[in-house]
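The values are calculated or read from the model by the stated rules, or taken from the named source; none is laboratory data. No experiment lies behind these values; they were computed from the predicted model shown. A quick note on method: Cβ atoms are made from the backbone with ideal geometry, for glycine too, and the neighbour counts reach across all protein chains shown. Just the protein is used for accessible areas: all its heavy atoms, side chains included, with ligands, DNA and RNA removed. Shrake-Rupley method; radii C 1.70, N 1.55, O 1.52, S 1.80 Å.
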Amino acid sequence: MNRIIVPLDVPSAAEALALADRLRGEVGGFKVGKELFTAAGPDVVRALVARGDRVFLDLKYHDIPNTVAGAVRSACALGVWMLNVHASGGRPMMEAARRAADEQGAKSGTPPLVIAVTVLTSLDAATLASVGVAASPLDQVVTLAKLAQSARLDGVVASPRETGAIRQACGPDVLIVAPGIRGGAAASGPDDQQRIMTPGEAVKAGSSYLVVGRPITGAADPAAAAAKILKEMEG
């Protein structure tokens with residue numbers, strides 16, 4: 001199974017669908033985040049699903065439990081493969097998301113994977129401290145991963161640098177979706193990611209899926225770039 005997820009971080013549905021057409025069959029799924037969803041709305045998700053694509057809806061829901069449950073039900077109705085919430089929203093919120101996904105899945109077939117964002121890869125210890133979090137990024141990630149597991153979520157989003165600690169704390173079955181993939185076959189220019197690994201390192205560390213954006217989407221030949229990264233992962 002191809003474990004590369006490519007974010008469609010573009011400002012229009014036309015650009016997103018064109019990029020997906022170039023990469024279909026070379027990657028394992030596409031991530032629709034805030035930029036594209038705000039610009040194009042749920043129709044772009046429906047269009048991708050209709051083409052047979054696996055869609056990770058990356059809207060990072062973080063609100064009161066009832067509001068998040070409603071959002072999850074709407075996401076399920078779109079046919080998404082995976083969606084996420086912020087673990088820092090707390091266990092009751094995550095449990096509401098889990099129930100909503102399961103209830104909707106009972107009506108339509110298989111529920112989507114529901115995962116929780118732990119600590120964004122753009123955050124370091126100093127930034128966490130500035131917002132009142134005294135724990136290190138690693139300790140905060142593990143705390144939130146265990147909380148997500150207790151709420152019966154399928155997995156977490158976390159830097160590949162924390163994958164080993166998550167596996168030790170939560171076991172082998174938790175899904176770990178890793179952004180912050182740079183270097184190696186995923187070399188790219190400077191950006192705002194702080195806690196990064198190469199594709200090969202991330203797989204060896206135990207990541208389940210890798211979110212690889214600019215090293216693929218910014219390449220002259222995105223399909224060739226994806227194939228090169230996949231080869232490194234398989235190696």
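Descriptive notes on the structure:
- Whichever residue in segment 1-32 is under 23 Å from LEU113 (Cα atoms) and among the acidic types (Asp, Glu) and, among such residues, is least open to solvent (accessible area, probe 1.4 Å): GLU26
- Top-ranked residue in segment 147-203 [being charged (D, E, K, R) and at pLDDT 90 or above; ranked as least open to solvent (accessible area, probe 1.4 Å)]: GLU162
Let's see how each residue does on (1) at pLDDT below 95; (2) within 15 Å of the chain's Cα centre (by Cα); (3) within 22 Å of PRO222 (Cα to Cα); (4) aliphatic (A, V, I, L, M):
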position: ALA18; (1), (2), (3), (4): no, no, yes, yes
position: ARG22; (1), (2), (3), (4): no, no, yes, no
position: LYS31; (1), (2), (3), (4): no, yes, yes, no
position: HIS86; (1), (2), (3), (4): no, yes, no, no
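- ALA47 meets each of the listed conditions (1) among the aliphatic types (A, V, I, L, M); (2) surrounded by fewer than 18 Cβ atoms within 10 Å (Cβ to Cβ); (3) within 16 Å of the chain's Cα centre (by Cα) apart from (3).
Here is a yes/no grid of residues against (1) among the charged types (D, E, K, R); (2) open to solvent by 30 Å² or more (accessible area, probe 1.4 Å); (3) at negative phi; (4) part of a helix (DSSP H, G or I):
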site	(1), (2), (3), (4)
ASP58	yes, no, yes, no
GLU95	yes, yes, yes, yes
ARG98	yes, no, yes, yes
GLY105	no, no, yes, yes
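- Condition met for GLY52 (under 25 Å from SER108 (Cα atoms) and in a helix (DSSP H, G or I)): no
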